[in-house]
């Protein structure tokens with residue numbers, strides 16, 4: 001069934017969850033007091049900050065101890081005038097800015113992981129956690145990023161999450177980040193470091209950039225090997241109060257802020273957002289001089305994909321409502337996704353809007369509840385887009401596939417297209433539900449892995465005067481038999497047409513280490529490649545490969561920049 005998001009008085013709050021203190025050995029202004037840090041947080045308008053020193057909680061402990069010592073002196077009536085003023089300032093600032101205890105662990109391979117915890121967490125519990133994470137006792141208070149062999153990344157994620165923390169991969173796309181380029185370790189390890197369920201967000205340094213190569217775009221759930229969409233936020237990683245005038249890369253507190261839509265300023269509310277799947281509740285902070293970040297417009301600029309689509313109309317007449325329901329069913333059967341209703345995918349066209357969004361949400365509730373089986377829970381809410389109201393529908397990847405409309409119509413998502421599933425796809429959906437951890441077939445040792453999107457025709461059989469093809473979906477490895485030119489959906493039809501009408505002559509191709517580009521075409525702003533590979537099985541042709549499927553040697557072949565998935 002559909003679930004309408006509760007209306008509340010949520011407001012956008014500014015947070016910086018990566019702030020260092022003089023307790024970090026590499027802090028650039030050791031004379032700074034903890035009161036100075038709180039003052040600066042207030043000055044830049046922060047509502048929540050986290051102290052995240054290197055492999056220690058000594059900074060947070062010192063701040064708490066300083067305030068407690070002043071409170072003890074107050075009870076004994078022994079406060080000097082300057083101490084009373086300091087205590088009052090601590091109290092006022094800690095009412096204004098929520099300060100969370102945290103840490104920045106240096107895990108194996110030198111990767112940095114942030115753990116953010118409830119303000120009532122006993123500091124001794126966090127120190128015990130650091131010891132469990134193998135931070136040496138003699139280095140527990142040094143605040144150094146060099147602490148020797150600690151704990152592997154996945155174990156660190158799990159232990160911090162089990163301790164009730166918000167787990168964030170620090171500066172994931174840059175130095176010491178789990179998604180930085182150039183590390184030579186296996187693809188499955190790289191995937192696990194950014195897809196693990198105990199990891200709640202990626203802190204990135206390019207959140208405000210646009211384009212297909214940004215970190216947030218890479219982890220939007222559309223990549224075949226990175227199907228879990230990751231929340232991307234930004235933090236200052238401040239090692240000083242204000243930006244260094246001699247080195248703008250050294251940010252001050254709040255130098256890169258994230259805004260979070262919260263019903264209240266509390267750790268509980270913050271953690272609920274980070275553990276949830278509403279990605280529009282976090283956004284990069286922009287000053288009043290700039291327009292706020294527009295999630296709907298950003299989605300339109302990304303365009304239609306395997307996890308995202310747009311509908312201008314929603315009436316029953318013309319089948320528009322059924323098309324929306326088909327997409328919901330297809331997303332649930334594939335990788336989940338988001339629908340926007342009341343606007344087209346063309347980011348240059350103004351939204352048409354939805355005149356009565358609550359009525360539409362109620363209609364969707366009824367359609368999903370009555371017509372999709374088994375039971376499916378989706379979330380629908382109202383978003384603003386250029387002054388128009390649009391309806392957003394968030395669809396999870398269903399745990400009990402296949403999902404069907406009216407008990408017998410099973411839809412799947414194939415790249416940017418929704419279509420009825422054929423028999424073999426339905427069988428694969430049943431297998432996925434029964435064996436969720438089924439491994440994808442691995443390439444032969446030393447062989448170049450095929451592209452990760454597009455299709456391959458693996459066999460053709462002539463029967464009754466017609467050609468019947470066996471197709472392999474390169475995104476998920478699913479094999480579908482008995483596909484004809486007439487029955488094929490768009491990409492399959494293209495592949496079969498090329499195979500039958502324009503057979504490839506390997507002697508005419510320009511080979512580079514047994515790889516070759518057959519053709520490159522661009523349509524609707526998206527580039528697709530037809531590629532060839534020679535291996536022990538002979539000649540293999542891959543049709544309709546998108547940039548998302550290009551990796552390693554294929555990236556070098558087509559001249560594309562090596563992406564984060566390159567091994």
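Which strands (runs of 3 or more DSSP E) does the stretch 334-428 wholly contain that include 1 or more residues that are within 18 Å of residue 278 (Cβ to Cβ) and not assigned by TED's automatic domain parsing to the domain that holds residue 488? Break it down stepwise before answering.
Working: elements: 337-341, 378-385, 388-395, 411-414, 417-420.
Strands (runs of 3 or more DSSP E) meeting the threshold: 337-341, 378-385, 388-395.
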Among the listed residues 201, 192, which satisfies the condition of being in contact with a helix residue (DSSP H, G or I) (Cβ under 7 Å, 6 or more places away or on another chain) and at pLDDT below 95? 192
Output the residue which, of all residues in the stretch 486-510 that are in contact with a strand residue (DSSP E or B) (Cβ under 7 Å, 6 or more places away or on another chain) and part of a loop (DSSP other than H, G, I, E, B), is farthest from residue 458 (Cα to Cα). 510
Among the residues of the stretch 430-471 satisfying the criterion of being part of a strand (DSSP E or B) and exposed (fewer than 10 other Cβ atoms within 10 Å of the Cβ), which is modelled with the highest pLDDT? 462
I'd like to check something: does the stretch 54-64 contain any residue that is touching a helix residue (DSSP H, G or I) at 6+ places or on another chain (Cβ under 8 Å), free of Cβ contacts under 8 Å to residues at least 40 places away in the same chain, assigned by TED's automatic domain parsing to the domain that holds residue 238 and assigned to a loop (DSSP other than H, G, I, E, B)? no
When only residues in the stretch 206-219 that are surrounded by fewer than 19 Cβ atoms within 10 Å (Cβ to Cβ) and without any contact (Cβ under 8 Å) to a residue 60 or more places away in the chain count, which is farthest from residue 104 (Cα to Cα)? 211
Residue under question is residue 270, and the condition is that it be part of a strand (DSSP E or B), surrounded by 20 or more Cβ atoms within 10 Å (Cβ to Cβ) and in the same structural domain as residue 51 (by TED's automatic domain parsing); does it hold? no
Scan the stretch 42-70 residue by residue and report those that are farther than 19 Å from residue 32 by Cα and either under 39 Å from the mean Cα position of the chain (by Cα) or surrounded by 13 or more Cβ atoms within 10 Å (Cβ to Cβ) (or both). 45, 47, 48, 55
Just wondering, is there one or more residues in the stretch 282-289 that are assigned to a loop (DSSP other than H, G, I, E, B) and closer than 30 Å to residue 332 by Cα? no
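Kindly indicate the residue of the stretch 198-230 that is in a strand (DSSP E or B) and touching a strand residue (DSSP E or B) at 6+ places or on another chain (Cβ under 7 Å) and also farthest from residue 306 (Cα to Cα) among those meeting that condition.
Within the stretch 198-230, the first condition is being in a strand (DSSP E or B), and the residues that meet it are 201-203, 223, 226.
Those left that are additionally touching a strand residue (DSSP E or B) at 6+ places or on another chain (Cβ under 7 Å): 201-203.
Values: 201: 22, 202: 22, 203: 24 Å.
It comes out as 203.
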Does the stretch 303-311 include one or more residues that are buried (at least 18 other Cβ atoms within 10 Å of the Cβ), at pLDDT 95 or above and more than 26 Å from residue 417 (Cβ to Cβ)? no
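Quick grid of which residues meet (1) farther than 24 Å from residue 218 by Cα; (2) free of Cβ contacts under 8 Å to residues at least 40 places away in the same chain:
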site	(1), (2)
86	yes, no
91	yes, yes
100	yes, no
115	no, no
118	yes, no
122	yes, yes
125	yes, yes
163	yes, no
166	no, no
Against the condition within 20 Å of the chain's Cα centre (by Cα), closer than 30 Å to residue 26 by Cβ and not assigned by TED's automatic domain parsing to the domain that holds residue 476, how does residue 242 come out, does it pass? no
Only one of 101, 119 is surrounded by fewer than 17 Cβ atoms within 10 Å (Cβ to Cβ), closer than 20 Å to residue 23 by Cβ and in contact with a helix residue (DSSP H, G or I) (Cβ under 8 Å, 6 or more places away or on another chain), namely 119
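Here is a yes/no grid of residues against (1) buried (at least 17 other Cβ atoms within 10 Å of the Cβ); (2) at pLDDT 90 or above; (3) at positive phi:
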| position | (1), (2), (3) |
| --- | --- |
| 478 | yes, no, no |
| 487 | no, no, no |
| 496 | yes, yes, no |
| 501 | no, yes, no |
| 510 | no, yes, no |
| 514 | no, yes, yes |
| 520 | no, yes, no |
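The values are calculated or read from the model by the stated rules, or taken from the named source; none is laboratory data. Keep in mind the model is a prediction, meaning the values are calculated, not measured. Note: ideal-geometry Cβ built from the backbone for every residue, glycine included; neighbour counts use all protein chains shown.
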